[in-house]
Amino acid sequence: MNQDEVVNYRIAGSVLQDIVKVSLRGDERFRVLSGGGLKRARGVEVEVEEGSCRVHLPIDARFGEDLLALGGEVQERVADSLRHMTGLEVEAVDVVIAGVYPRGEE
């Protein structure tokens, strides 16, 4: 392939959702909601339009956590992973704290 060729590709929405979820694994301070269930929360959603994306990310946080700091850290981790792996510009990562759970229920 030479420098003048244009490569077109599309990344499946499920792959983008997986990137979001995997970037947050192993952190016991919160749980990513998958959608459905009793709370009827939407799961992780990634909307892509013209080279940029927006993420809707519902989580439950462990009781006692600093929700503002936690939300900011989650936003950074998700945005960094998406930029690095896809080259997409990340317009926003909308973290929704949908609930809390007691320590020990990780």
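The values are calculated or read from the model by the stated rules, or taken from the named source; none is laboratory data. Please read all numbers here as calculations on a predicted model, not as lab measurements. With ideal geometry, Cβ positions are generated from the backbone for all residues, glycine too; neighbour counts draw on all protein chains shown.
Quick notes
- Criterion: surrounded by fewer than 17 Cβ atoms within 10 Å (Cβ to Cβ), touching a His at 6+ places or on another chain (Cβ under 8 Å) and not in a helix (DSSP H, G or I) - qualifying residue of Val96, Val100: Val96
- Selection count, the range 45-66, where residues are modelled with pLDDT under 95 and either assigned to a loop (DSSP other than H, G, I, E, B) or over 21 Å from Asp80 (Cβ atoms) (or both): 2
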